[in-house]
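Below you'll find the structure, written out as structure tokens, and then a few comments.
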Amino acid sequence: MRVSTISILRHRAAPSLPAFSDYLRHVSFRLSTFRFVCMAARQNPNIYRKPQPNKNILKARDNVKEISSLSPVLSLDDGPPLSQNQAIGMVAAAQANFMRVIVQSTCEPEKPRTFTELLESKEEEEPKIGVEILCVVRALLKKIKRRVLVGDRVLVGSIDWVDRRGMIENVFDRSSEIADPPVANVDHLLVLFSMEQPKPEPFSLTRFLVEAESTGIPLTLALNKSDLVDEETQLAWKARLRDWGYEPLLCSVESKHGLDSLEFILKEQTTVIVGPSGVGKSSLINALRSNQRGYGASEMDNWFEPIEGSKWFEEQRVGEVSTRSGRGKHTTRHVSLLPLSGGGYLADTPGFNQPSLMKVTKKSLAQMFPEIRKMVIESEPIKCSFNDCLHLGEPGCVVKGDWERYAYYLQLLDEIKIREEFQLRTLGTKREGDVRILQVQGGGYGYQTTRTTAGT
């Protein structure tokens, strides 16, 4: 039994002579081919290297991604023809992947020819102007990186008028845009701080004012909760802010002081209220809207009737100031645009304590301070000796350092210099990408993300 097993193994393991010779011939051919490839590679190293794509081609691909002719931006003067399931509206709120759009114009229905058609059209016709529609954004707009912001005028299609749902198909041109908070077509900025609970911090107030000045949009500075301080403190802050170059407006939600002046300023404008948490932004909005609902209610009933019961008409949530930190708690979670009866809109935005100042450069920072602008105008025709003067005491500089916020100017200038140097170092290795900048905020650390592009 053991002998038979060994014979079988030997028979399987022993190769035939012709097969072995073919194997040797195949191996020799592979070796000769490998030697030929090695010699060719030594003579011309780039012959087997994958060709790199042209940089101009890559740049053209990026431009095609950014600008697409499949969905051109609509002009404000355009009146695109609308179908029965299309409408033009304004984005009133944005949360997650959904947009709340208020209809402003729709397709004009065809005129009925007979008396019977007239009766049927009156029975079926429902008011569509002012209707709130819950929308998603068209996938093509996301692919071509066309962002939809609160305040945008948009073209809505595929509307289901029963369920009040639709899809944003395109966006009209914007007259203005701010990035923090993201709102489009803004006419006016209201920088709101409180005189107590929390108290105004001069450096934090300066950051908000510089951020507002960088947008180029007219601004108003208001101080809320004026009823919590005495008259002497009010006069001191008024005089201090006048030296800064601003005329503050003192108001109070509790005593209704200054609300009439604010209503007059906000009339017929789209206003964004910015400021730290806890200063009373949502409370001020509720007070302004409740006051205006009381004035001339008979004239505005028809205007508000289509959106009664919607979230667009509800009062904004308010929160209390933290007793531990003395700062406000984040009650408003997303940006929303709210109507005013006298015309115009108010944008309630989430509070934030550190504006990013990403649009401000070391060369443009000086123009964000009214004190510097005033000194430059008063010194005319004499100007600074250097065109790129940063007003750091250079020879021949007309800006002196004898004003209150000069220390804040220097501090912000150092911060912007560090950020710009970091961006230059990053652009040396990245053609385009997200840059995360470490910022110190109130004893802790946080990251500010920005988009950087080569050549900017």
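The values are calculated or read from the model by the stated rules, or taken from the named source; none is laboratory data. A quick note: this is a predicted structure, and the numbers were derived from the prediction, not measured. Note that each Cβ is placed from the backbone with ideal geometry, even for glycine, and that neighbours are counted across all protein chains shown. For accessibility, only protein heavy atoms count, side chains too; no ligands or nucleic acids. Shrake-Rupley method; radii C 1.70, N 1.55, O 1.52, S 1.80 Å.
Under the Kirkwood approximation for Rh and a Cα-based Rg, what ratio Rg/Rh is obtained for segment 365-426?
Taking Rh as the inverse mean 1/r over Cα pairs, Rg/Rh reads 1.01.
Counting Lys +1, Arg +1, Asp -1, Glu -1, what net charge surrounds residue 414 among other residues with beta carbon under 15 Å of its beta carbon?
Every neighbour counted, the sum reads +3.
Once you place label points 7 Å from the Cα toward the Cβ at residue 411 and residue 25, how far apart are they in nm?
The two pseudo-label positions are separated by 8.8 nm.
Please give the net charge around residue 220, taking every other residue with its beta carbon less than 12 angstrom from that of residue 220, where Lys and Arg add +1 and Asp and Glu add -1.
Spelling it out: positives minus negatives among the neighbours equals -2.
Given the Cα-Cα distance of residue 421 and residue 354 and 0.36 nm per residue of separation, how much length would full extension add, in nm?
22.1 nm
Among 246-255, 270-279, how do they line up by average Cβ neighbours within 10 Å per residue, starting with the highest?
270-279, 246-255
Quick one: if the Förster radius is 60 Å, what FRET efficiency do residue 84 and residue 382 give, using the C-beta to C-beta distance and rounding to 0.05?
The formula returns an efficiency of 0.35 here.
My understanding is that a pair violates if its Cα-Cα distance is over 30 Å; which of 128/359; 256/400; 143/363; 143/359; 199/256; 238/281 do that in this structure?
Over 30 Å Cα-Cα: 128/359; 256/400; 143/363.
Return the FRET efficiency for the residue pair residue 75, residue 240: r is the Cβ-Cβ distance, R0 is 51 Å, and the value is rounded to the nearest 0.05.
Efficiency, from the Cβ-Cβ distance: 0.65.
Residue farthest toward the positive end of the dipole of segment 365-426, with Cβ of Lys/Arg at +1 and Asp/Glu at -1: which of 390, 418, 408?
Of the candidates, 418 comes out farthest on the positive side.
Label-point separation (nm) for residue 98 and residue 35, each offset 7 Å from Cα along Cα-to-Cβ?
So the two model labels end up 7.5 nm from each other.
Which of the trypsin sites (Lys or Arg not before Pro) found in segment 382-414 are in a DSSP loop and have at most 16 neighbouring Cβ atoms, other than their own, within 10 Å?
Of the trypsin sites (Lys or Arg not before Pro), the ones in loops of segment 382-414 whose Cβ has at most 16 other Cβ atoms within 10 Å are 383, 400.
Per the 1.4 Å probe, what fraction of the accessible area of segment 365-426, in percent, lies on carbon and sulfur atoms?
That share works out to 57 percent.
How many Å² of accessible area per residue for segment 365-426, probe 1.4 Å?
Per-residue accessible area for segment 365-426 comes out at 61 Å².
Please work out how much length the chain gains when fully extended from residue 179 to residue 140, using 0.36 nm per residue of separation minus the C-alpha to C-alpha distance, in nm with one decimal.
Going from the current span to full extension adds 11.8 nm.
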